[in-house]
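*Asks:* If you scroll down you'll find the structure; I have some questions about it.
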Amino acid sequence: MNQPLRRLAAALFVAFALLILDVTYLQVIAGPRYRDDDRNPRVVASRTGKERGLILSADEQVLAQSIADPDDPQRFTRSYPEGELYAHLVGFSSVNFGDDGLELVYADKLRSKRDLTISDLLSALLGGDQRPKSIQLTIDHGLQQVAYTALGDQRGSVVAFRPDTGEVLAMVSKPSFDPNLFLSGEAIATRESLLTDPAEPLANRSTNRTYPPGSTFKVVVTAAAIELGAAGPDTLLPDPAELVLPGTVEVIRNFDRGVCADGTEVTLQTAFRRSCNTVFGFLGLQLGAEALTLEAEAFGFNQDTPFEIPVLNSFFPQPSEFTNDLPALAQSAIGQRDVRTTPFEMALVAAAIANDGIIMEPMLVSHIFDTDGQVVSETEPKLLQRAVSPSTAAIISDLMERVVASGTGTRATVPNVRVAGKTGTAETGVGPPHVWFIGFAPVEQPTIALAVLVESGGEAGENATGGSVAAPIAQEILAYWVQSNG
Amino acid sequence: MTRNAEAALLVGAAAVAAFGVALVNLAQGDGIDAQVALTFVVILASFGGFHIAIRQWSPDASPYLLPLAALLTAVGFVEVYRLNRGLASLQRWWLLIATVMAVSLLLAVRRTGLAPLRRYRYVFLLSGILLLLLPLLPTDWGFPLRGFEQSGSRLWIRFAAGPLRLQFQPGEIAKLILATFLASYLSERQAILAVQTRPLRRYRLPEGRQLAPLVIAWAASFVVLIYQRDLGASLLLFALFIAMLYAATGRAVYLASGGFLFGAGAVTAWLVFAHVQRRVSGWLDPFADFADTGYQIAQSLFAFGSGSLSGSGLGLGAPDQIPNAATDFIFAAVGEELGLAGSVAVIATYALLVAVGFGISLHSRDSFRKLLAGGLSFALGLQTFLIIAGVTRLLPLTGITLPFMSYGGSSLAANFLLLALLARVSHEERV
């Protein structure tokens, strides 16, 4: 009987030896893989409960802070006092879903360096500061609030820059969500309901959604015409009620299905002021695909724009795509067809005109400072690229001023302030149009350039136009800004 | 090794537990409190009482059993305490109750020896089968003894009379009863089973008549599987049965046919039962269905990986993230907080305990005691292997407790009785 018993015992000892090999593999060889897996709650826990730095607006409003647990001063809870107002910008740092927004982009600065990772240890030995850093944004809290309120319950976005520095003054996307909910006990349920919400509150419409720019794109077409010397403000162009697209029976019509002026000829200035599609369709065909693509790219289409948070590229087709499709070229010249852009990019277009044709690199973080309030690093304004010459910018600025003075954009008028702008009403093919207003003020020395987008006509629905829906929103924002900045 | 050395080691094990509890307290921000002293006293009272009973009624028993079991109990208790202090204070009561049961067993057989266990084997078989079937009692009938279901398995009986509620998992005791019955039955019949055969083609098989009781035992283990959804107990009982049959007869054909039956049973179970399929898919790729079938095992792997070589330290890891960490997954908690060093030490301690058990068996002259000690040691070793292999994803998870370490009264009681039986066998054989 002893021999089979010995064999059974031996089998068990082999099994135990296997277990030892198994745990050795699990804890040492495969260990780091499991230890660092994003789904490992320890990875997340190592980030949470720790103190993170502040996120402040330009006027020192607290947008994100870590509050010490009264029972355990070593444990912190993150909170976002302004909630929905900054959700897409500031983002969140969640146990369940990781970081997002600036909380993700600046995680390395915001977190404390006391995790005892090798690099943290090394920096401690070298006398580096272990404490979390804070960041201050370029956003003006008051302006952000005005923009948020002005959009009302409509889906859309407002992006405002200081044209001469590239500082983002306001950036709003609606509908929004309360990032504090991502830190609460109902985080998972919250995320589920936000993900399935047809209004898509999680989407950052300012930077991560593209829309046809509609007539706001006429700024780019006009820039191309003036830069090439093909036309000036007083150049006369044909004024038909319908522009027949080459090689087809399709036509481009004006918004009111009428003629632009008297039905014979019209100046570029008037066509711009009244946003006549037939004239710009014609102008686009005259300028050619090459010129339009080049000018669009000079304004930042088809390229990555350096920015703190990711921005979706705006799109204008390459010239080759128009070779056999001239109707598409005419439609692209009025910002329809395949042209797609973000509110962020259209605000840059306005800022370029406001800043003598120069696009400054957009910036959201003005500086980073440590717990003693000492500035650790500061963002300097940087030239990104030239869109048009100063003289072209001056001409277009004048055209845009007329749009607000006596054109489609009169509802953006701010008393005693010279406002320049361009409206857009982009057909979507399905449902109400997306409506736009881009502009800047004061014209003589612009301190703000913005883009307003209201998705699907907003509350006005089918009847919405850029002039009736987006311009009044811009008016509120510009009025507040000019007033509060003398 | 002398009895006094054994006593000293038991004090050492109690000190390990007390020291561990103190570390957990410090790590979790509490000071050294009464829990430390209480733990020391309870572990010492438990194993000390067991030790005194052995000195008294089985003085020639092996001195190696208690210290090894005490060390495992101490480490397990510290992790249970770390995971859930409420469970830990209950666990202290279970320890004392288990000790009383083990001491009572030693007391009961002090004059008669293990002979009555041998004599009344059919009573044991019957009571074993009844015990296994008890959880199938209705959950809501008038009689105070009821079945009880927990996390999808029907493994419990609950005695509920007025405010008194006692729950018990009979599967844990069943392995002792099965081992006792088989040892008795096989020691008597082993000669017949091994030799008397009739020709069937070229192979020699035992008479069907003699195999009948074994078939009953086999059927019972499958009833456990099918009606109670208890993979672990079912596999353990079946393997124990095959192993003891093999040990008694030395005929590999039992291993082969057992392996075949097991394979057929496993495939059938996998095809038929959704809960078996879930276990298998969670095992094959825990990350494919991370949120559902793979969640528990994935959390266990995270714990082991995070533990690395030296562990996070007691109370400093996050093993509470693993569902059922205090029971089935207690070894993952050890792996995280004590690291590879701790998990290898624990495995080695089990290996030593199993080796002591087999040593007792191999040195026994009487075939009943030899088979009893061998069967119990095999059951202890296999149970340990199955659950550790399950939580480390070496094998699909079968859901049984880790002897001496997991939280739970039934498990502690069963394994303390197992220790008492091994001690008594070694006393009678003067090993």
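The values are calculated or read from the model by the stated rules, or taken from the named source; none is laboratory data. Only a predicted model underlies this, so the values are computations on that prediction, with no experimental measurement involved. So basically every Cβ, Gly included, is an ideal-geometry build from the backbone, and we count neighbours across all protein chains shown.
*Asks:* I'd like to check which strands (runs of 3 or more DSSP E) are fully inside the stretch A:230-271 and have at least 1 residues that are of a type in the set (S, T, N, Q) and crowded, with 16+ Cβ neighbours inside 10 Å.
*Replies:* Counting at least 1 such residues, we get A:265-267.
*Asks:* Would a scan of the stretch A:211-218 turn up a residue that is touching a residue at least 40 places away in the same chain (Cβ under 8 Å), in a loop (DSSP other than H, G, I, E, B), surrounded by fewer than 17 Cβ atoms within 10 Å (Cβ to Cβ) and out of contact with any Ser or Thr (no Cβ under 6 Å at 6 or more places or on another chain)?
*Replies:* no
*Asks:* In this structure, is A:TYR80 of a type outside the set (A, V, I, L, M, F, W, C) and more than 14 Å from chain B (Cβ to nearest Cβ)?
*Replies:* For A:TYR80, the condition - of a type outside the set (A, V, I, L, M, F, W, C) and more than 14 Å from chain B (Cβ to nearest Cβ) - is met.
So that you can scan it fast, the table gives a plain yes or no per residue for (1) modelled with pLDDT of 95 or more; (2) buried (at least 21 other Cβ atoms within 10 Å of the Cβ); (3) not in a loop (DSSP other than H, G, I, E, B):
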position	(1), (2), (3)
B:GLY258	no, no, yes
B:GLY263	no, no, yes
B:ALA288	no, no, no
B:ALA298	no, yes, yes
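*Asks:* Can you spot a residue in the stretch B:316-331 that is more than 26 Å from B:ALA88 (Cα to Cα) and either surrounded by fewer than 24 Cβ atoms within 10 Å (Cβ to Cβ) or within 7 Å of another protein chain (Cβ to nearest Cβ) (or both)?
*Replies:* Scanning the stretch B:316-331 turns up no residue that is more than 26 Å from B:ALA88 (Cα to Cα) and either surrounded by fewer than 24 Cβ atoms within 10 Å (Cβ to Cβ) or within 7 Å of another protein chain (Cβ to nearest Cβ) (or both).
*Asks:* If you go through the stretch B:221-256 one residue at a time, how many are at pLDDT 80 or above, more than 12 Å from every other protein chain (Cβ to nearest Cβ) and under 23 Å from the mean Cα position of the chain (by Cα)?
*Replies:* Within the stretch B:221-256, residues that are at pLDDT 80 or above, more than 12 Å from every other protein chain (Cβ to nearest Cβ) and under 23 Å from the mean Cα position of the chain (by Cα) number 8.
*Asks:* Now a separate question. Which fully enclosed strands (runs of 3 or more DSSP E) of the stretch A:66-106 have 2 or more residues being touching a Phe, Trp or Tyr at 6+ places or on another chain (Cβ under 8 Å)?
*Replies:* A:92-94, A:98-100
*Asks:* Turning to a different aspect of this structure: Could you tell me whether A:ILE20 is more than 9 Å from every other protein chain (Cβ to nearest Cβ) and surrounded by fewer than 19 Cβ atoms within 10 Å (Cβ to Cβ)?
*Replies:* It is false that A:ILE20 is more than 9 Å from every other protein chain (Cβ to nearest Cβ) and surrounded by fewer than 19 Cβ atoms within 10 Å (Cβ to Cβ).
*Asks:* Among residues belonging to the stretch A:27-47 that are outside any helix (DSSP H, G or I) and under 36 Å from the mean Cα position of the chain (by Cα), point out the one that is nearest to the other protein chains (Cβ to nearest Cβ).
*Replies:* The extreme case among them is A:ASN40.
*Asks:* OK, next. Which one is modelled with the highest pLDDT among residues in the stretch A:111-163 that are farther than 30 Å from A:ALA441 by Cα and among the basic types (Lys, Arg)?
*Replies:* Going through the qualifying residues, I end up with A:LYS133.
*Asks:* Out of B:ILE52, B:ILE32, report the one residue that is part of a helix (DSSP H, G or I) and without any contact (Cβ under 8 Å) to a residue 40 or more places away in the chain.
*Replies:* Of the residues listed, the single one that is part of a helix (DSSP H, G or I) and without any contact (Cβ under 8 Å) to a residue 40 or more places away in the chain is B:ILE52.
*Asks:* Please indicate, with yes or no, whether at least one residue in the stretch A:3-15 is at the interface with chain B (Cβ under 8 Å from one of its Cβ atoms) and either on the phi > 0 side of the Ramachandran plot or small (Gly, Ala, Ser) (or both).
*Replies:* Scanning the stretch A:3-15, I find at least one residue that is at the interface with chain B (Cβ under 8 Å from one of its Cβ atoms) and either on the phi > 0 side of the Ramachandran plot or small (Gly, Ala, Ser) (or both), so the answer is yes.
*Asks:* Can I ask one more? Go through A:PRO327, A:PRO319 for me and flag whichever is over 24 Å from A:ASN254 (Cα atoms) and more than 16 Å from the chain's Cα centre (by Cα).
*Replies:* Selected residue: A:PRO319, the only one of A:PRO327, A:PRO319 that is over 24 Å from A:ASN254 (Cα atoms) and more than 16 Å from the chain's Cα centre (by Cα).
*Asks:* Filter the stretch B:332-372 for residues that are more than 20 Å from B:LEU419 (Cα to Cα) and within 11 Å of chain A (Cβ to nearest Cβ) and give the result.
*Replies:* B:ALA332, B:VAL334, B:GLY335, B:GLU336, B:LEU338, B:GLY339, B:LEU340, B:ALA341, B:GLY342, B:SER343, B:VAL344, B:ALA345
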